[in-house]
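No lab work stands behind these numbers, since they all come straight from the coordinates. These figures come from a predicted structure and were not determined experimentally. Quick reminder, even Gly has a Cβ in these numbers, built from the backbone with ideal geometry, and neighbours come from all protein chains shown.
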């Protein structure tokens with residue numbers, strides 16, 4: 001009987017943890033404005049005199065695809081009546 005109670009309590013605790021913000025409808029709601037939403041964009045970084053900036057022109061290049069487009073969708077299973 002004691003193991004059953006412990007198991008029920010553990011399942012309840014796991015359920016609360018997995019529900020996340022869904023269970024907190026009050027003060028800590030996920031749908032209220034969050035602090036990061038009011039963040040302002042700062043000025044870009046300035047390179048100090050006497051230093052040169054890194055060449056970042058090739059850092060985010062994506063390789064070209066030699067294939068034509070997206071793959072076809074997988075076949076759907078049809079139910080026979």
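Scaling the Cα radius of gyration of region 33-81 by the globular reference 2.2 N^0.38 Å produces a ratio of 2.53. Ranked for footprinting exposure by Cβ neighbours inside 10 Å, fewest first, 61, 40, 32 give 40, 61, 32.
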